[in-house]
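The values are calculated or read from the model by the stated rules, or taken from the named source; none is laboratory data. The model shown is predicted, which means the values in this text are computed figures rather than measured ones. Every residue, glycine among them, receives a Cβ derived from its backbone with ideal geometry; neighbour counts consider all protein chains shown. The area values use the complete protein model at the heavy-atom level, side chains included, leaving out ligands, DNA and RNA. Shrake-Rupley method; radii C 1.70, N 1.55, O 1.52, S 1.80 Å.
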Amino acid sequence: MSETELVRVEIIMDMKKLTRLLKKLNEKGISGVTVFQALGCGIQKGSFEYAAEENQEIQLLPQTLVMLICERGELDALIEWIKVELYTGHIGDGKIFISSVDNMIRIRTGEEGKAALGRAKIE
């Protein structure tokens with residue numbers, strides 16, 4: 001299998017938008033997701049947009065990390081609608097990380113690669 005066929009998408013976002021994002025992912029035929037609760041901060045060191053002064057020390061804020069795997073051919077459409085769903089224009093909208101996946105194996109059946117993904121195309 002070519003390493004360019006599958007990609008991992010990791011979305012760091014505000015927990016408040018998780019239910020809405022999961023609903024939209026499900027509508028697109030993506031049900032295989034993993035969600036982590038995390039603490040983190042960006043370049044503002046945990047300052048809120050409305051904070052009067054910049055933090056001198058890092059303040060970790062609650063974050064949510066959503067991880068999913070998709071086919072590379074579906075990636076552009078997926079990323080575009082995730083950006084639309086999560087966009088507010090304010091600090092804390094989140095980040096999306098994309099990386100190649102060499103292989104994926106479904107333990108129960110032994111299926112590998114796209115066969116292990118087993119879902120409909122994203123439109």
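Structure values in brief
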{"item": "Candidate lysines for bridging to residue 114, where Cα separation is under 21 Å - those fewer than 8 sequence places away on the same chain excluded", "result": "28"}
{"item": "Neighbourhood charge, 13 Å Cβ-Cβ cut-off, centred on residue 85 and excluding it, Lys, Arg +1 and Asp, Glu -1", "result": "+3"}
{"item": "Percent carbon-and-sulfur accessible area, the range 58-123, ignoring ligands, DNA and RNA, probe 1.4 Å", "result": "57"}
